[in-house]
2 protein chains.
Amino acid sequence: MMSYISNADNLCWLMPELDRVIRRLHRVVGNAVVDDDRFIIVGNGSTQIFHALLYALSSPDQPEPISVVAAALSTRHIRRRRSSCDRGCINGQGRRSASIRWSLHRGGDFAQQPRWLDSRNRAGHDAMLFTFSKATGHAGSRIGWAIVKDKAIAAKMVKFIELSSIGVSKESQLRAVKILGVIDDDCRNPELEDVNFFEYGRRIMSDRWEKLRRVVIKTNGVFNLPEYPQHNCKFTGEYTHATPAFAWLRCKEGLNCEELLREKCKIMTRGGTSFGGESTYTRVNMLSSDAEFTLCWKGCLRSRTHQWEIEFMLMSTLCVIN
Amino acid sequence: MMSYISNADNLCWLMPELDRVIRRLHRVVGNAVVDDDRFIIVGNGSTQIFHALLYALSSPDQPEPISVVAAALSTRHIRRRRSSCDRGCINGQGRRSASIRWSLHRGGDFAQQPRWLDSRNRAGHDAMLFTFSKATGHAGSRIGWAIVKDKAIAAKMVKFIELSSIGVSKESQLRAVKILGVIDDDCRNPELEDVNFFEYGRRIMSDRWEKLRRVVIKTNGVFNLPEYPQHNCKFTGEYTHATPAFAWLRCKEGLNCEELLREKCKIMTRGGTSFGGESTYTRVNMLSSDAEFTLCWKGCLRSRTHQWEIEFMLMSTLCVIN
């Protein structure tokens, strides 16, 4: 527990117990290929893993900065990082921008999938990024990981993390081992099929999305939500709609969606402009505790506003700023 | 414990308990100014703090890389980092290299002072770097901190750590709070004056240095050690010699000190060339457990080599490679 390195014989110095539990969990969820020839790289959150991957995919000895293209909507943090890259943090050959683009895109998808139940296909990409914070909510532990196919890329990522922080907190690794291990055990226990961690999360999120959609319908087109097609989930064995951690709410043309929700409904969201998008969009955080939801529900029933505003206020615990 | 931030009102998001215990400990040791107008910045080890300080002292929007000059002997890690900087990691105005040089120099001094007893003067520099690993040996926790005078520099360091890892493990912060708190309490307890953490460390290190010096004298000039003048230590109130964590051993001109110790005495050290110095020098790690020391002592008594080689082998637990 006291030294920098847990496993000097391994390519990455992470705790062997953490390597094992990450592979076990991906196998039981069925969302990513974790065969023995894939490398697990751990970093201080997926943030550091993201930097390490950019470094590994670029060629730092080139004179010109590399172009980084994010296919998905970028957050303020991502844009600041990209801005740093443009100033010379990551240098590389322009022709590699395609692979960088792909990596960013997949990384964003996985990291923002809190319940990991996007298990329609067992993904086997060259590099896939995951994070403890989005899996269980333990953001403060700063544990992220990548599953990497190519040994040379994996080795460069490890070197980057060594040079920037000489590894990752052992205390956090140990806690992640314990928590992910309990989740994995429960998922493999047939008696807990209906109450395991992911099933519990799926029920809560389905219920919240259903409520949000009901409220949105009552606004008569002032607000809209994207429709997600049903897919067969390998984990549950059912056809289900996706229920992401964040809902992208869109309002009528010419309206500022974030301002409208804040001023009319006292609901804090993150506007589309924060992500490089339009102000008609806003990102609604669908994750909050049930206790907060109930508290808000009772408070909002005493409110005297238009019906759809009341309805939206009922949802406000789903919408705290993130 | 689960969220990224512990104190949104503070300039740095570290746990308020950690901020308090760091200030208390520096006050009881008397080695650094930690008045309320100084900022405590926490990072993933002093490694990340070092990068954050370089970033904060430079101007990243300049076209040319900044020159970084390390006045102290540099390790392989430091040289690799400097090499990264030269390739464009940190850009800035050349005229700032003097301040960067100063920061590196002081940072190295403090971080390598494991018992913190260089308390001849209560240092009050613009920025001072410390690390949990060198204070108590908990390298795996990845906790480092800086005491920073200027608010703008402190804010830039915090921004750097946010963008590179979104903060520092809460589990590690909590453990550091507990361990540093116990050490601080003991130091303030008059009944534990002779057995507190720093006093215990001082006795062990004095004993080891005394043994090493006795052995070196017996080599009749084959090996030499630097002499340290006596200073008044504010913590103990005594005049004492410095007893650093690493001894810089020098052998006769034309000899390779590291090779000589490895081949003749089976002692692993780190040669001067690893630090940009000469091969006549080698760095001896003076930190190991008493159990290892005793084990080696018994084993070496059965050895049949020249007297000074036996003596050196008795010391070999002080000399494991670091």
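The values are calculated or read from the model by the stated rules, or taken from the named source; none is laboratory data. Note that this is a predicted model, so its numbers are computed, not measured. Every residue, glycine among them, receives a Cβ derived from its backbone with ideal geometry; neighbour counts consider all protein chains shown. Heads up: the accessible areas ignore ligands, DNA and RNA and are worked out on the full protein's heavy atoms, side chains in. Shrake-Rupley method; radii C 1.70, N 1.55, O 1.52, S 1.80 Å.
Sorted from shortest to longest, the distances between the A:Gly221 label points of this copy and the other copies are 10.1 nm, with each point 7 Å from Cα along the line through the beta carbon. Centroid-to-centroid, using Cα positions, segment A:164-239 and segment A:46-66 are 31 Å apart. Take the accessible area of chain A alone and of chain B alone, subtract that of the pair, and you get about 3100 Å² summed over both chains, using a 1.4 Å probe.
The same position A:Asp35 in the other copies lies at 6.5 nm from this copy, comparing label points 7 Å beyond Cα toward the beta-carbon, shortest first.
Nm distances between the label at B:Asp207 and the same-position labels in the remaining copies, 7 Å along Cα→Cβ, shortest first? List, nearest first: 6.2 nm.
When nucleic acids and ligands are ignored and a 1.4 Å probe is applied, A:Val284 ends up with an accessible area of around 0 Å². Could you name every residue in segment A:7-48 that has 30 Å² or more less accessible surface in the full protein assembly than in its own chain alone (probe 1.4 Å, ligands and nucleic acids excluded)? Those residues are A:Asn44, A:Thr47.
Shape class of segment A:1-55 from the alpha-carbon gyration tensor: oblate, with a/c at 1.5 or above and b/c at least as large as a/b. Taking all protein chains as shown and a probe of 1.4 angstrom, B:His231 keeps an accessible surface of around 70 Å².
Structure note, pairs A:Lys178/B:Lys134; A:Lys159/B:Lys178; B:Lys134/B:Lys234; A:Lys211/A:Lys264; A:Lys218/A:Lys264: Cα-Cα distances above 25 angstrom occur for A:Lys178/B:Lys134; A:Lys159/B:Lys178. At the residue level, B:Met128 shows approximately 0 square angstrom of accessible surface with a 1.4 angstrom probe and all protein chains present.
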